[in-house]
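Colleague: Next up is a structure, given as structure tokens.
The values are calculated or read from the model by the stated rules, or taken from the named source; none is laboratory data. Worth saying up front: this structure is predicted, and the values here are computed from it rather than measured. Cβ: placed from backbone, ideal geometry, glycine included. Neighbour counts: every protein chain shown.
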Amino acid sequence: MATELGPTPVKKPASGGTELHHAPKGVGEDNVIASQGRWASWLLAPTIIALAVVIVYPIISAIVMSFQADAGLDPATGLFTEGGPAGFSNYVNWLAQQCTSPDGGTVACPPGTLGSQFWSATATTFFFTVVTVALETVLGFWMAMIMARTFKGRSLVRAAVLVPWAIPTAVTAKLWLFIFAFEGIANKLFNTTILWTGSEWPAKWAVIIADVWKTTPFMALLILAGLQMIPAEVYEAAKVDGASAWQRFRMITLPLVKPALMVAILFRTLDALRMFDLPYILTGGANNTTTLSILVISQIRQGFNVAAALSTITFIIIFLVAFIFVRFLGANVVEQQTGASKGKK
Amino acid sequence: MTTAATELRAQQDRGRKVAQNREKWAQGRTYISALVILVWCLAPAYWMVVTAFRDVGFTYDTSILPTHVTLDNFNTAFDESFGNHFRQALINSVFIGVVVTVVSLLIGVFAAYALARLNFRFKFLVLGFILGASMFPGVALITPLFQLFTNIGWMGTYQALIIPNISFVLPLTVYTMTSFFREMPWELEESARVDGCTQGQAFRKVIMPLAAPAIFTTAILAFISSWNEFLIASQLSSDATQPVTVAIASFAGAQPNQIPYTAIMAAGTIVTIPLVILVLVFQRKIVAGLTAGAVK
């Protein structure tokens with residue numbers, strides 16, 4: 001490793017660290033960038049190649065598959081189908097909920113088949129995403145505000161919030177399944193007799209509560225990190241100027257923490273859109289808790305290619321949401337990463 | 001004149017007292033909020049541990065303090081007579097986690113160094129690609145991999161579980177290490193050279209000790225995310241290679257229609273405790289690593 005990282009003549013100009021960003025553009029800078037670029041491409045190559053193999057290849061392969069028909073017995077018709085090119089029929093199967101009919105045409109997918117569940121799974125996924133992210137943002141913000149204060153035992157609280165985060169989601173799901181069991185502690189504490197996983201709304205809320213428990217700490221820590229970037233003098237100055245607590249929150253805290261907050265919301269939203277473990281283990285997708293990810297998994301064993309179409313649709317949905325966040329809501333993850341924003345501060 | 005002065009002083013005293021009271025009240029509210037956060041975060045985890053130590057006959061005992069304490073559930077968790085392979089699953093999870101972490105660190109450390117220290121064209125693009133990769137939905141990988149691994153006979157093998165894990169652990173390692181590296185005092189390397197160190201010495205004696213905690217923290221985060229993986233493993237593993245998350249999710253008891261909660265909670269405790277200890281010991285570093293990508 002020593003030889004790799006050692007300052008060959010090529011690398012040496014970088015020793016100034018971030019100063020390069022600020023330095024006035026000199027005569028040699030283009031050369032420096034070019035030589036650093038060569039060096040960088042060698043260092044980046046293993047990562048880029050590895051990601052190309054484990055991510056880019058599967059994406060392309062999934063897109064190719066999604067335009068092929070599945071060979072084998074058609075579950076809807078009971079007839080043997082040959083496979084081969086299928087055009088957009090796999091996408092039609094999901095988006096228009098049209099399944100192949102015995103006479104070779106298409107009919108609306110009968111209720112109960114996976115094809116008929118696409119829009120309800122999409123609605124469930126977005127419902128979970130909006131509700132969990134909203135709750136996690138509000139709760140996480142509140143937790144972060146508390147943890148940002150100075151009080152005895154603050155480090156204990158900061159340690160405690162890491163506990164739900166450290167528990168694997170599969171274990172979390174089983175734990176909440178037990179808590180929400182009919183004879184479990186939840187019904188006992190609230191003196192209710194709800195069959196939590198037995199009907200639609202309790203099942204949905206069980207998933208939401210478990211998810212909020214598990215992931216609010218992550219949100220809180222990201223927001224806390226943002227809060228800690230705000231210098232205390234700003235608050236002091238505002239206090240001297242007579243700003244109320246609410247005014248200080250609205251005019252100082254919120255705008256200054258916004259970049260970190262938007263990134264946290266973006267991360268959580270994209271994570272929630274692919275939610276799988278919790279509903280899969282907690283409810284098995286029953287009672288309208290089937291998310292898009294669960295639907296893909298259910299489809300895989302009934303036909304790869306139809307599943308590939310759905311996973312491509314899921315990927316596009318998540319990509320679009322990320323795009324909207326970055327483009328219109330100003331969640332500029334990359335800029336924060338490159339440190340480009342540092343120069344502006 | 002004097003009456004005015006005393007009046008003023010009394011007023012100031014009153015004002016101070018009001019301020020003090022308000023301060024005390026605010027402090028009190030902070031403690032109550034902190035307590036609420038503590039209970040909300042710890043109570044469910046506590047319930048898991050209490051249940052793990054509770055006799056199976058009293059599974060649904062709802063007394064808050066431990067009752068009917070026993071270690072039987074831990075024996076049941078490792079018992080293989082109902083078709084559970086928890087011991088093997090633990091070994092599998094450790095093995096998969098270590099391989100994924102080591103591979104991701106070995107590959108990722110160079111990329112992180114380039115992204116943190118070098119100036120080059122397309123840096124935005126590369127970072128965007130790596131961040132995008134870390135947000136990539138697992139289901140979009142599973143379908144083609146399921147078909148590919150079926151075709152080449154890799155279903156249920158370790159490599160079938162390790163390769164997809166690298167797809168989300170590697171981007172995580174790269175961007176966590178990038179932000180750690182950016183914070184490092186690289187001038188020291190230069191100073192060591194000026195003081196007469198050779199390049200190798202400067203790297204070994206100055207840079208390595210500084211980078212070690214960053215790399216170690218990244219390794220913990222990488223291991224945890226591999227340890228927690230469920231979706232891909234639930235589809236591509238076999239009884240012999242399944243990791244703990246899959247083993248716990250499909251944990252079977254003596255009666256098919258009765259979920260063996262106490263044994264599952266015991267298994268969950270075993271899986272969680274080492275992680276929680278690790279996280280609490282390295283709390284500061286872990287938080288820095290977790291939030292590294294979002295702020296700074």
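Colleague: Can you name the residue in segment B:68-122 that is basic (Lys, Arg) and free of Cβ contacts under 8 Å to residues at least 60 places away in the same chain and is also farthest from the other protein chains (Cβ to nearest Cβ) among such residues? Walk me through how you get there before you give the answer.
Modeller: Restricting attention to segment B:68-122, the residues satisfying the condition of being basic (Lys, Arg) are B:87, B:117, B:121.
Imposing the further condition that a residue be free of Cβ contacts under 8 Å to residues at least 60 places away in the same chain reduces the set to B:87, B:121.
Values: B:Arg87: 17, B:Arg121: 6 Å.
My answer is B:Arg87.
Colleague: Right, here's the next one. Name the residues in segment A:170-198 that are over 13 Å from B:Pro44 (Cβ atoms) and hydroxyl-bearing (Ser, Thr, Tyr), would you?
Modeller: A:Thr192, A:Thr193, A:Thr197, listed by residue number.
Colleague: Considering segment A:209-232 alone, what residues qualify as being part of a helix (DSSP H, G or I), away from chain B (no Cβ under 12 Å) and surrounded by fewer than 22 Cβ atoms within 10 Å (Cβ to Cβ)?
Modeller: Listed by number, the list holds a single entry, A:Ala232.
Colleague: Restrict the check to segment A:135-151 and report whether at least one residue is in the same structural domain as A:Met219 (by TED's automatic domain parsing), closer than 18 Å to A:Ile209 by Cβ, among the small types (Gly, Ala, Ser) and in contact with a helix residue (DSSP H, G or I) (Cβ under 9 Å, 6 or more places away or on another chain).
Modeller: Yes: one or more hits.
Colleague: Of all residues in segment B:233-249, which are among the polar types (S, T, N, Q) and free of Cβ contacts under 8 Å to residues at least 40 places away in the same chain?
Modeller: B:Ser234
Colleague: Sticking with this one: Condition check: in contact with a Phe, Trp or Tyr (Cβ under 7 Å, 6 or more places away or on another chain) and assigned to a loop (DSSP other than H, G, I, E, B). Does A:Trp196 satisfy that?
Modeller: yes
Colleague: Right, something else. Do we have B:Gly138 as facing chain A (nearest Cβ under 7 Å) and modelled with pLDDT of 90 or more here?
Modeller: no
Colleague: Filter the helices (runs of 4 or more DSSP H) completely within segment A:233-285 down to those with at least 1 residues that are more than 30 Å from A:Glu200 (Cα to Cα).
Modeller: A:245-248, A:254-273
Colleague: Just name the residue that is nearest to B:Phe136 (Cα to Cα) out of those in segment A:260-302 that are at the interface with chain B (Cβ under 10 Å from one of its Cβ atoms) and among the small types (Gly, Ala, Ser).
Modeller: Only one residue tops the list, namely A:Ser293.
Colleague: State the number of residues belonging to segment A:126-150 that are over 30 Å from B:Ala34 (Cα atoms) and modelled with pLDDT under 95.
Modeller: Count: 0.
Colleague: On to the next question. Report, by residue number, each residue of segment A:127-158 that is under 16 Å from A:Lys204 (Cβ atoms), in contact (Cβ under 8 Å) with a residue 24 or more places away in the chain and surrounded by fewer than 19 Cβ atoms within 10 Å (Cβ to Cβ).
Modeller: Matches in segment A:127-158: A:Phe127, A:Val131, A:Leu135.
Colleague: Looking at segment A:35-68, which of the residues that are more than 7 Å from every other protein chain (Cβ to nearest Cβ) and not hydrophobic (A, V, I, L, M, F, W, C) is surrounded by the fewest Cβ atoms within 10 Å (Cβ to Cβ)?
Modeller: A:Arg38
Colleague: Would you say A:Ser298 is in contact (Cβ under 8 Å) with a residue 12 or more places away in the chain, surrounded by fewer than 23 Cβ atoms within 10 Å (Cβ to Cβ) and among the hydroxyl-bearing types (Ser, Thr, Tyr)?
Modeller: Yes; evaluated as a whole, the condition is true for this residue.
Colleague: Report, by residue number, each residue of segment A:276-289 that is buried (at least 24 other Cβ atoms within 10 Å of the Cβ) and of a type in the set (S, T, N, Q).
Modeller: A:Thr283, A:Thr289
Colleague: Need the failing condition index for B:Val50 against (1) surrounded by fewer than 18 Cβ atoms within 10 Å (Cβ to Cβ); (2) within 13 Å of chain A (Cβ to nearest Cβ); (3) out of contact with any strand residue (DSSP E or B) (no Cβ under 8 Å at 6 or more places or on another chain), just the number.
Modeller: Result: B:Val50 fails condition (1) only.
Colleague: Hey, another quick one. Look at segment A:109-155 and say how many of its residues are within 12 Å of another protein chain (Cβ to nearest Cβ) and in contact with a Phe, Trp or Tyr (Cβ under 7 Å, 6 or more places away or on another chain).
Modeller: 1
Colleague: For B:Thr62, which of the numbered conditions (1) loosely packed, with under 15 Cβ neighbours inside 10 Å; (2) in contact with a helix residue (DSSP H, G or I) (Cβ under 6 Å, 6 or more places away or on another chain); (3) part of a helix (DSSP H, G or I) fails to hold?
Modeller: (3)
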